[in-house]
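Only the coordinates and a few stated rules stand behind these numbers; no lab work does. This one's a predicted model, so the numbers in the text were calculated from it and none came from an experiment. Using ideal geometry, Cβ is built from the backbone for each residue, glycine included, and neighbour counts are taken over all protein chains shown.
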Amino acid sequence: TVISLRDFRSGCSPAWFESYIWGRFAQPTRILYSRDASIREQVEQALLQAAHTLLNNAVPALPEQGTVTDLWQRALGLSYATELRTERSGRAAELALAARNFYAGLTRHHAASLSCHFAVHVERGELHYASQCSPAQRRRCALAWWLRRTQGKLLSVLRLVKALFTFEGGLDYIAWKLERHSGETVVIPARVRRAPLLFMWGFFWSLYRRGIFK
């Protein structure tokens, strides 16, 4: 995926309703190359903002208290649920646990600036949180995530269609990507290859029913 710095910064901010960018880049990310120090700093600030955006949008949908690891597992789960995911279930839990120190640092950094009252403390050697969100904040948050799930599934299908016509051998690319993430064999029927626009919808539906993506 190619994205301009301007769009990336916007996508990590609250300006983007969809979680496609800020939900992904709230996860551990390594900058392999930057043109100069200024660009690197802008990208790093955008990554920091992505985590803040996810937290701000997720906290009103989560239990009022718990461990920070559980908080991030649920927050990432909310974002994952807006896409047609090919990863096995439990991926959010694995990521939150594997990067628990990373997420603990992010949570401490952003705690005082969230829209809900939010505080962290250490209990029995593990970082916990406590939040206070108004009923109105929780209602708005629940509606927003419902809309993101509805919008996100549709956009995920459109991205698959775009990939079909962007790459030579687009169907094989889609099949490879689904196999790589799901661990399941994906065979493209001959009729889908002959007339993809006509038959790919039933093909995608069969993959969905098999659990290839969710």
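Count, please, the residues in region 21-62 that happen to be over 21 Å from SER115 (Cβ atoms) and either touching a residue at least 12 places away in the same chain (Cβ under 8 Å) or touching a helix residue (DSSP H, G or I) at 6+ places or on another chain (Cβ under 7 Å) (or both).
Going through region 21-62 one residue at a time, the tally reaches 10.
Here's the yes/no breakdown for (1) over 23 Å from ALA46 (Cα atoms); (2) in contact with a Phe, Trp or Tyr (Cβ under 8 Å, 6 or more places away or on another chain); (3) outside any helix (DSSP H, G or I); (4) touching a residue at least 24 places away in the same chain (Cβ under 8 Å):
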{"site": "LEU106", "(1), (2), (3), (4)": "no, no, no, yes"}
{"site": "ALA111", "(1), (2), (3), (4)": "no, yes, no, no"}
{"site": "VAL120", "(1), (2), (3), (4)": "yes, yes, yes, yes"}
{"site": "LEU127", "(1), (2), (3), (4)": "yes, no, yes, yes"}
{"site": "ALA130", "(1), (2), (3), (4)": "yes, yes, yes, yes"}
{"site": "ARG139", "(1), (2), (3), (4)": "yes, no, no, no"}
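Quick check on this structure: which one of LEU55, LEU78 is out of contact with any Leu (no Cβ under 7 Å at 6 or more places or on another chain), among the hydrophobic types (A, V, I, L, M, F, W, C), within 27 Å of LYS153 (Cα to Cα) and part of a helix (DSSP H, G or I)?
From the options LEU55, LEU78, the qualifying one is LEU78.
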From LEU207, LEU143, LEU178, LEU147, which residue is part of a helix (DSSP H, G or I), closer than 21 Å to ALA61 by Cβ, touching a Phe, Trp or Tyr at 6+ places or on another chain (Cβ under 8 Å) and not charged (D, E, K, R)?
LEU147
Which of the following residues is of a type in the set (Lys, Arg), closer than 18 Å to PHE118 by Cα and touching a helix residue (DSSP H, G or I) at 6+ places or on another chain (Cβ under 9 Å): ARG91, ARG74, ARG100?
ARG74
Qualifying residues in region 147-169 (those that are in contact with a helix residue (DSSP H, G or I) (Cβ under 6 Å, 6 or more places away or on another chain) and without any contact (Cβ under 8 Å) to a residue 24 or more places away in the chain) - the one surrounded by the fewest Cβ atoms within 10 Å (Cβ to Cβ)
PHE167
Can you tell me how many residues in region 131-168 are touching a His at 6+ places or on another chain (Cβ under 9 Å) and of a type in the set (A, V, I, L, M, F, W, C)?
1
Hey, can you tell me all the residues within region 95-104 that are surrounded by 13 or more Cβ atoms within 10 Å (Cβ to Cβ) and either assigned to a helix (DSSP H, G or I) or touching a Ser or Thr at 6+ places or on another chain (Cβ under 6 Å) (or both)?
LEU95, ALA96, LEU97, ARG100, PHE102, TYR103, ALA104
Members of region 163-187 that are closer than 15 Å to LEU84 by Cα and not hydroxyl-bearing (Ser, Thr, Tyr):
ALA163, ILE174, ALA175, LYS177, LEU178, GLU179, ARG180, HIS181
Of the residues in region 181-198, those that are surrounded by 16 or more Cβ atoms within 10 Å (Cβ to Cβ) and assigned to a helix (DSSP H, G or I) number 3
